[in-house]
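Only one structure is covered here, and it is reproduced in the block below.
The values are calculated or read from the model by the stated rules, or taken from the named source; none is laboratory data. Keep in mind that this is a model prediction, so the values were computed, not measured. Cβ placement follows ideal geometry from the backbone for every residue including glycine, while neighbour counts extend to all protein chains displayed. The accessibility values were calculated without ligands, DNA or RNA, using every heavy atom of the protein model including side chains. Shrake-Rupley method; radii C 1.70, N 1.55, O 1.52, S 1.80 Å.
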Amino acid sequence: MLDHKMSDPKKRFETIVQSLRTNHHKITPQRLAIVKILAKSTGHPRVEDIYGQLKQDFPTMSLATVYRNIVLIKSLGEVLELGFPDGSNRYDGNKPYPHPHLICIKCKKIIDPKLDSLDDMKNEVANETHFKILSHRLDFFGICSDCLAKEK
Ligand code: ZN
Ligand code: MN
């Protein structure tokens, strides 16, 4: 059973690296550094956030390189992409499978809520429509408690 808890970032790191190896992709220090950040995916980073964390250690690395690596890792099914209409895509390589998200519309923080009824919802939709459900996207939008406190 998949749950809302974080996967062990070390294990996720090893799994992603193994997947790169199995698919004959080069393991470079830059690539490893990107994988390390994705394995944790603290706060569901943007490509720009990952680039910002790495540009000091890898001054010659470009934003495009980070982007290309994420596209590659996504093609291996090892990172979940959360697309948004404004293009500010966010990434979760800690939990690369579909799961619900809770998004603060003020500070744009994104967290993984625990949602016990998700499996029931999937079954209900499948039973109702006779679809084989392959994936899902469930986002809750709101104002986080930090932002609510600031409004007062
Ligand atoms: Zn907020
Ligand atoms: Mn997530």
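Results, tabulated for the structure shown:
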| read-out | value |
| --- | --- |
| Lone unmet requirement of (1) farther than 17 Å from F140 by Cα; (2) at pLDDT below 95 for G77 | (2) |
| Test: residue in the stretch 111-132 that is under 25 Å from Y67 (Cβ atoms) and under 21 Å from the mean Cα position of the chain (by Cα) | yes |
| Check on P9, within 20 Å of G87 (Cβ to Cβ) and either open to solvent by 90 Å² or more (accessible area, probe 1.4 Å) or in contact (Cβ under 8 Å) with a residue 24 or more places away in the chain (or both) | no |
| Meets criteria (assigned to a helix (DSSP H, G or I), surrounded by 18 or more Cβ atoms within 10 Å (Cβ to Cβ) and within 11 Å of the chain's Cα centre (by Cα)) for I37 | yes |
| Sole residue being in contact with a strand residue (DSSP E or B) (Cβ under 9 Å, 6 or more places away or on another chain) and either closer than 19 Å to L138 by Cα or not in a helix (DSSP H, G or I) (or both), chosen from K5, K108 | K108 |
| Count of the stretch 103-112 residues which are in contact (Cβ under 8 Å) with a residue 40 or more places away in the chain and either open to solvent by less than 30 Å² (accessible area, probe 1.4 Å) or in the same structural domain as R31 (by TED's automatic domain parsing) (or both) | 2 |
| Options L76, L63; residue that is touching a Ser or Thr at 6+ places or on another chain (Cβ under 8 Å) and open to solvent by 10 Å² or more (accessible area, probe 1.4 Å) | L76 |
| Residues located in the stretch 40-76, provided they are without any contact (Cβ under 8 Å) to a residue 12 or more places away in the chain and either of a type in the set (S, T, N, Q) or assigned to a loop (DSSP other than H, G, I, E, B) (or both) | T42, K55, Q56, P59, T60, S62, S75 |
| Selected residue (criterion: least open to solvent (accessible area, probe 1.4 Å)) from residues of the stretch 79-102 that are of a type in the set (S, T, N, Q) and within 14 Å of ligand 2 (Cβ to nearest atom) | N94 |
| Among residues of the stretch 118-147, those that are within 16 Å of ligand 1 (Cβ to nearest atom) and part of a helix (DSSP H, G or I), counted | 3 |
| Search result, residues across the stretch 124-144 that are of a type outside the set (F, W, Y) and either within 16 Å of ligand 2 (Cβ to nearest atom) or open to solvent by less than 90 Å² (accessible area, probe 1.4 Å) (or both) | V125, A126, T129, I133, S135, H136, R137, L138, D139, G142, I143, C144 |
